[in-house]
Amino acid sequence: RDCTVVSKGGGAFRIRAGTGDLFHVLHDHEPEVEKVIRCFLKPGDVFVDAGSNIGYSAILAAQLVGKHGRISAIEMMHESVLMLRSHIALNEARTVEVVEGALSETDGRLLKATHPEGKLGQASIVRNDGNHEFTVRITTPDLVLRDVHHVRLMKMDLEGAELGALRGLGRALSKIDAIVFANEN
């Protein structure tokens, strides 16, 4: 059944039955990525969560950067964006801004994306290994970051679309101190 859980050191999250949500909010789900986030981010920093899913990293980062920091949480799955927004409210993470869309090297096009049954966090615009298909608008990280002067850390978990997103960084690449890639495989 649906429920709400408190993840050790990460925040409170609503979990949807029949999905991989619980897996994505476990504090040891991606320990190396979490370690980098905790080591890099300080109060006042800017963090970009590319492939935010339901927002575990964004909520964690909001706690670390405090009220003077800024988080850009980018997610392409509309259902996950709704959960992400509810987690922002639940955790009072007012510094998190949500961008709905997929990241790539071009802007404005619509692309087909897929995800396996119940595994919304594995939605991809480059892999066609899911049985659920949907359409998503793409944008570039350069456009998303146009008003940001400095990014301390960017996390990318784009299910195979990382190279396109890196190409789409353009001038924004010089604004970023470090990028950490999440890889569940």
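The values are calculated or read from the model by the stated rules, or taken from the named source; none is laboratory data. In this text the structure is predicted, and so the values were computed from the model without any measurement. Here the Cβ is made from the backbone with ideal geometry for all residues, glycine too, and neighbour counts use every protein chain on show. Just the protein is used for accessible areas: all its heavy atoms, side chains included, with ligands, DNA and RNA removed. Shrake-Rupley method; radii C 1.70, N 1.55, O 1.52, S 1.80 Å.
Summary of values
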| item | result |
| --- | --- |
| Residue match in segment 156-174 (condition: of a type in the set (S, T, N, Q) and under 16 Å from the mean Cα position of the chain (by Cα)) | no |
| Residue check, Asp129 open to solvent by 70 Å² or more (accessible area, probe 1.4 Å) and within 30 Å of Thr4 (Cα to Cα) | yes |
| Exclusive hit being assigned to a loop (DSSP other than H, G, I, E, B) and in contact with a Lys or Arg (Cβ under 8 Å, 6 or more places away or on another chain), set Arg137, Arg127, Arg94 | Arg94 |
| Tabulated pairs, segment 128-150, first touching a residue at least 24 places away in the same chain (Cβ under 8 Å) and of a type in the set (Lys, Arg), second assigned to a loop (DSSP other than H, G, I, E, B) and open to solvent by less than 20 Å² (accessible area, probe 1.4 Å), C-beta under 9 angstrom, 6+ apart or interchain | Arg137/Gly101 |
| Of all residues in segment 12-60 being aliphatic (A, V, I, L, M) and part of a helix (DSSP H, G or I), the one that is most open to solvent (accessible area, probe 1.4 Å) | Leu22 |
| Residue check, Arg152 of a type in the set (Lys, Arg), touching a helix residue (DSSP H, G or I) at 6+ places or on another chain (Cβ under 8 Å) and in a helix (DSSP H, G or I) | no |
| Where Ser86 falls short, out of the listed (1) modelled with pLDDT of 90 or more; (2) in a helix (DSSP H, G or I); (3) within 15 Å of Asp49 (Cβ to Cβ) | (3) |
| Flag if Ile71 is within 28 Å of Val136 (Cβ to Cβ) and touching a Ser or Thr at 6+ places or on another chain (Cβ under 6 Å) | yes |
| Residue, surrounded by the fewest Cβ atoms within 10 Å (Cβ to Cβ), within segment 61-83, restricted to residues that are in a helix (DSSP H, G or I) and within 14 Å of the chain's Cα centre (by Cα) | His78 |
| Per-region count, segment 155-185, residues aliphatic (A, V, I, L, M), assigned to a helix (DSSP H, G or I) and open to solvent by 30 Å² or more (accessible area, probe 1.4 Å) | 3 |
| Those residues of segment 97-117 which are buried (at least 18 other Cβ atoms within 10 Å of the Cβ) and in a strand (DSSP E or B), in sequence order | Val98, Val99, Glu100, Ala102, Leu103, Ala113, Thr114, His115 |
